[in-house]
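Trainee: Here it is, the structure in full.
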Amino acid sequence: MSEVLLDVAGLSVHHGQLCAVDDVSFSLRRGEILAMIGANGAGKSTLLRTIAGLHKPSSGTVSFDGEDIATLSPNRRVRLGISLVPEGRRLFSSMTLEENLQVGAYRANEGPFNIPRIYELFDWMGGRRKQSVWQLSGGEQQAVAIGRALVANPQVLLLDELSLGLAPIVIERIYALVPEIVAQGVSILIVEQDVAQGVAVADRVHCLLEGRTSLVGAPGDLTPEEIDRAYFGANMSSATPSDGTNE
Amino acid sequence: MIWLNVVIQGVLIGGFYALFACGLSLMFGVLKVINLAHGDMAVVAGYVAVFLTPHLHIPEVWSFLVVVPIFGLLGYVVQRTLIQKSIDRDPFTTLLVTFGLSVVIENLLLEIYTANGQTVNVGTLITRSWHPTSNVYVSYVSLGVLGVAVAVLGILQLFLSRTGTGRLIRAVADDREAAQLSGANYRHIFGIAAAIAFATVALAGIAYGMTTQFAPTSGGVNLLFAFEAVVIGGIGSLWGTLIGGVALGVAQQFGAHFNPEYQILAGNVLFLVVLAIRPQGLFGRKTALS
């Protein structure tokens, strides 16, 4: 179970002049949940989008299952087994719930997930599969976005800001599914602004601050003070002692 | 009864406008490219039907059987090379490139085939018509074009809603990046959309040649009508394009009934009124994810 599936080494990504990700290295092992936490603008989403193939790194490597994937397009990476649930859900707005899942399943890999299996995972979906996705609530849309990524049968699922704009109860319900997904042999890399949520679900936590790695460790080994310092930076932390909320 | 004939003639010409416009609508909806050479591609298809297919000993009426597949292939190739290259630069480049293509095509046709008008020869069929009452004339060729337009739009609608590839085309149109993340190679999907657009405009070009004369510069005015049909109907709606084409055709025929000079004016006025009152078009969507 300790086999490395996704390996990121010395990765830097620039948006024009701005260095969004600066020399970040980490690896994701098979069956593991890694939470990437950090404040707004820390470079988490950029990192995830680079792994999915939507941004080109300025230096460093991304390898999957021992193979360098730096030159592959996003759709080729899906075929390899890397699926991203993008920030803001990004559903196909002119389509029904089921059509969104069908698009995800069209070039799917072999694996445990298919559309009926998704309807089991989210039991409300089957009855509403003919509805347009814009009629769904934010939480429901998020669930469809996860389903659309799962039907491709990824080995690595990248989840970008699942909790954004959702009520706490809805977030809890969505996170409750994470162990079930991992049980199917999927490894998960979560980007979260909501530290408590990320720390609760993850095997390991990786904190980014202004594009750089500021802390790495298992949730049990880290104190809240350490996480605060890594999240806000040393000075901020002493100015706002042990304030766990962000913004 | 005179008014009935005006409406019928408008509907018949509207079918042609819709056939002409659906490829333009598809290119814009999926690729976000406004193909300014769209009208010229139709004219090229007309010239191919008139001058090249006779070499294959195919009657001009049946030329579409050869020309349409060729244009489909041409659409895919032009998209994957010229148009994709300009999309990769920036959206404005696509306007320049397709405008340049339009100029090149018109001048090449003038150089090779002169400015003389041409028609696709359909024999005596062109003169035959059905007239149920003394004031109503329905040309068989125009009726056939309307039938083809409805059939093409219907098949296209089914293709987009029922097949996997069709769904991918809609997915790319909705959100290109999200479609990539679902495993779609958007460049290939763009190519398929362009192939369909070129194939339908080839059909429209041949239909145009059957009903009236065309010359190397006929593309421009038809492109304008196609734009108007798409905008009136609403971008992204195929049946909307048919209704838009018919509305434009009927408006033009009403204008022409009062004074032949008003034909194009009446169509343009309808277009401007729709644009002012309902900018998304009669069947356009103004929805967004919350």
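Where a number appears in this text, it was derived from the coordinates with a stated rule and is not lab data. All values derive from a computational prediction rather than experimental measurement. Please note: Cβ atoms are built from the backbone with ideal geometry, for glycine as well, and neighbour counts cover all protein chains shown.
Trainee: Identify, from the list B:249, B:236, the residue that is within 20 Å of the chain's Cα centre (by Cα) and crowded, with 23+ Cβ neighbours inside 10 Å.
Mentor: B:249
Trainee: How do the helices (runs of 4 or more DSSP H) wholly within the range B:35-109 filter down when requiring 1 or more residues that are under 18 Å from residue B:202 (Cα atoms) and out of contact with any Leu (no Cβ under 7 Å at 6 or more places or on another chain): which remain?
Mentor: B:38-47, B:64-78
Trainee: Considering B:65, B:110, which residue is out of contact with any helix residue (DSSP H, G or I) (no Cβ under 8 Å at 6 or more places or on another chain), closer than 20 Å to residue B:16 by Cα and surrounded by fewer than 16 Cβ atoms within 10 Å (Cβ to Cβ)?
Mentor: B:65
Trainee: Sort out which residues of the range A:175-208 are surrounded by 19 or more Cβ atoms within 10 Å (Cβ to Cβ) and over 25 Å from residue A:226 (Cα atoms), and write them in order of number.
Mentor: Answer for the range A:175-208, where residues must be surrounded by 19 or more Cβ atoms within 10 Å (Cβ to Cβ) and over 25 Å from residue A:226 (Cα atoms): A:178, A:181, A:186, A:187.
Trainee: Examine the range B:169-179 for a residue that is more than 10 Å from chain A (Cβ to nearest Cβ) and within 20 Å of the chain's Cα centre (by Cα), and state whether such a residue exists.
Mentor: Yes, there is a match, as at least one residue in the range B:169-179 is more than 10 Å from chain A (Cβ to nearest Cβ) and within 20 Å of the chain's Cα centre (by Cα).
Trainee: Something else: Kindly state which helices (runs of 4 or more DSSP H) lie completely within the range B:168-260 and contain at least 3 residues that are touching a residue at least 60 places away in the same chain (Cβ under 8 Å) and not acidic (Asp, Glu).
Mentor: Qualifying helices (runs of 4 or more DSSP H): B:186-211, B:219-233, B:238-258.
Trainee: Within the range B:245-268, count every residue that is farther than 17 Å from residue B:201 by Cα and in contact with a Gly (Cβ under 8 Å, 6 or more places away or on another chain).
Mentor: 16
Trainee: For residue B:202, which of the numbered conditions (1) of a type in the set (Gly, Ala, Ser); (2) touching a Phe, Trp or Tyr at 6+ places or on another chain (Cβ under 7 Å); (3) more than 14 Å from residue B:24 (Cα to Cα) fails to hold?
Mentor: (3)
Trainee: Can you tell me which residue is farthest from residue A:150 (Cα to Cα) among those in the range A:91-113 that are within 7 Å of chain B (Cβ to nearest Cβ) and part of a helix (DSSP H, G or I)?
Mentor: A:99
Trainee: Kindly indicate which of A:139, A:88 is among the small types (Gly, Ala, Ser), within 13 Å of chain B (Cβ to nearest Cβ), assigned to a loop (DSSP other than H, G, I, E, B) and under 19 Å from the mean Cα position of the chain (by Cα).
Mentor: A:88 is the lone residue from the list that is among the small types (Gly, Ala, Ser), within 13 Å of chain B (Cβ to nearest Cβ), assigned to a loop (DSSP other than H, G, I, E, B) and under 19 Å from the mean Cα position of the chain (by Cα).
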